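Colleague: Structure incoming, see below.
The values are calculated or read from the model by the stated rules, or taken from the named source; none is laboratory data. As the structure is a computational prediction, the values presented were derived from the model and not from experiment. Backbone-built Cβ (ideal geometry, glycine too); neighbour counts: all protein chains shown. With ligands, DNA and RNA removed, areas are computed over all heavy atoms of the protein, side chains included. Shrake-Rupley method; radii C 1.70, N 1.55, O 1.52, S 1.80 Å.
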Amino acid sequence: MTAPPGDQRAAELASSLAAVRARIHAATQQAQRPAGAVSLVVVTKFFPASDVRLLAGLGVADVGENRHQEAQGKAHECADLRGGLRWHFIGGLQSNKAAAVAAYADVVESLDRPKLVAPLDRGAAERGVVLPVLVQVSLDPSGATRRAGAEPTDVLGLAERVEQAEHLELAGLMAVAPLGEEPVAAFARLAEVQRALLAEHPAASVLSAGMSADLEAAIGAGATHVRVGSAVLGSRPAVQ
Ligand SMILES: *Cc1c(COP(=O)(O)O)cnc(C)c1O
């Protein structure tokens, strides 16, 4: 008898999840950091709410999404799991959508410019929560075409604004390693930015860095959260 498709997907996810957890464990040991120092955020973008449910059943507590509409829909579909599941918003934010993101996200990892502070603060106030926020840092060489993320030199100013917002909590930093550079070198720059942040904001200790391809390098540089998609869920459609 063949297993029903749901069971088969559950088995697939259980096995890839175990492999990723083993990688995290090994890298944590290798970096001589305490067991449990690194949390896994499973990035479920492009995958259905049914996968989120299966992951929750496998003990996943944190999921990441990068597009507002998709994230909002899935958070709604999984509303009964709320309490057991934290939604991390990790994608580009538009200022006119930021308040709406604050209505369901439990952590916003991608704050990268001052204009986002007020709408996020307002959304969190309307929901009646204090929303943890990470400042996203760009690790691209300076002068390169600007992608997501604040320039390292702008991080402290931005952090100050978050700290001053009544309904936002400055939790730390997030970054993506740039293409075409050794992740170890990029994450070493990130660790420097983190040292400067911690000197002024010692409680902002979250460092969200590392994805399927480079989580070991990120853990070596002090990541407290890795955001892993394809290594758990399989490859996404090429167009993103
Ligand atoms: C998609 C995405 C990830 C996960 O990437 P994988 O390579 O699939 O692990 C992590 N962080 C961000 C910001 C993403 O957009």
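Colleague: Could you list, in sequence order, the residues of region 92-110 that are surrounded by 19 or more Cβ atoms within 10 Å (Cβ to Cβ) and within 13 Å of the ligand (Cβ to nearest atom)?
Modeller: Of everything in region 92-110, those that are surrounded by 19 or more Cβ atoms within 10 Å (Cβ to Cβ) and within 13 Å of the ligand (Cβ to nearest atom) turn out to be Leu93, Val107, Val108, Glu109, Ser110.
Colleague: Might you check whether a residue that is closer than 26 Å to Gly222 by Cα and in a helix (DSSP H, G or I) occurs anywhere in region 57-70?
Modeller: no
Colleague: A further question on this structure: Mind telling me which of the residues Pro237, Pro152 ends up being open to solvent by 10 Å² or more (accessible area, probe 1.4 Å) and either within 13 Å of the ligand (Cβ to nearest atom) or under 14 Å from the mean Cα position of the chain (by Cα) (or both)? Reasoning before the result, please.
Modeller: Numbers: Pro152 fails: either within 13 Å of the ligand (Cβ to nearest atom) or under 14 Å from the mean Cα position of the chain (by Cα) (or both).
Exactly one residue qualifies, and that residue is Pro237.
Colleague: Further question on the same structure: Give me the pairs: first residue in region 155-184 and touching a residue at least 24 places away in the same chain (Cβ under 8 Å) and under 30 Å from Ala213 (Cα atoms), second residue in a loop (DSSP other than H, G, I, E, B) and within 16 Å of the ligand (Cβ to nearest atom), beta-carbon distance under 6 Å, and six or more apart or on different chains, which are they?
Modeller: Ala175/Leu139; Ala175/Ala209; Ala177/Asp214; Pro178/Leu139; Pro178/Asp140; Pro183/Ala177; Pro183/Asp214
Colleague: Going through region 53-78 one residue at a time, which ones are within 15 Å of the ligand (Cβ to nearest atom) and buried (at least 18 other Cβ atoms within 10 Å of the Cβ)?
Modeller: Leu55, Val60, Asp62, Val63, Gly64, Glu65, Asn66, His68, Ala71, Lys74
Colleague: Tally up the residues in region 191-240 that are under 18 Å from Val135 (Cβ atoms), in contact with a strand residue (DSSP E or B) (Cβ under 9 Å, 6 or more places away or on another chain) and among the small types (Gly, Ala, Ser), please.
Modeller: 11
Colleague: Hey, Gly210 hits all of (1) within 16 Å of the ligand (Cβ to nearest atom); (2) part of a helix (DSSP H, G or I); (3) surrounded by 20 or more Cβ atoms within 10 Å (Cβ to Cβ) but one; which does it fall short on?
Modeller: (2)
Colleague: Only one of Ala26, Ala37 is part of a helix (DSSP H, G or I) and more than 16 Å from the ligand (Cβ to nearest atom). Can you tell me which?
Modeller: Values: Ala37 fails: part of a helix (DSSP H, G or I).
After ruling out the rest, the residue left standing is Ala26.
Colleague: Confirm whether Gly157 is buried (at least 23 other Cβ atoms within 10 Å of the Cβ) and assigned to a helix (DSSP H, G or I).
Modeller: Numbers: buried (at least 23 other Cβ atoms within 10 Å of the Cβ): no; assigned to a helix (DSSP H, G or I): yes.
Answer is no for this residue.
Colleague: Criterion first (touching a Ser or Thr at 6+ places or on another chain (Cβ under 7 Å) and open to solvent by less than 40 Å² (accessible area, probe 1.4 Å)) does Leu85 satisfy it? Full working, then the answer.
Modeller: Values: touching a Ser or Thr at 6+ places or on another chain (Cβ under 7 Å): no; open to solvent by less than 40 Å² (accessible area, probe 1.4 Å): yes.
No.
Colleague: Hey, can you tell me all the residues within region 213-234 that are near the ligand (Cβ under 8 Å from one of its atoms), under 14 Å from the mean Cα position of the chain (by Cα) and in a loop (DSSP other than H, G, I, E, B)?
Modeller: Gly229, the sole residue that qualifies.
Residue-by-condition table, conditions (1) closer than 22 Å to Val232 by Cα; (2) in contact with a helix residue (DSSP H, G or I) (Cβ under 9 Å, 6 or more places away or on another chain):
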{"position": "Ala10", "(1), (2)": "yes, yes"}
{"position": "Arg21", "(1), (2)": "yes, no"}
{"position": "Gln30", "(1), (2)": "yes, yes"}
{"position": "Phe46", "(1), (2)": "yes, yes"}
{"position": "Asp51", "(1), (2)": "yes, yes"}
{"position": "Ala56", "(1), (2)": "yes, yes"}
{"position": "Lys74", "(1), (2)": "yes, yes"}
{"position": "Asp112", "(1), (2)": "no, yes"}
{"position": "Val117", "(1), (2)": "no, yes"}
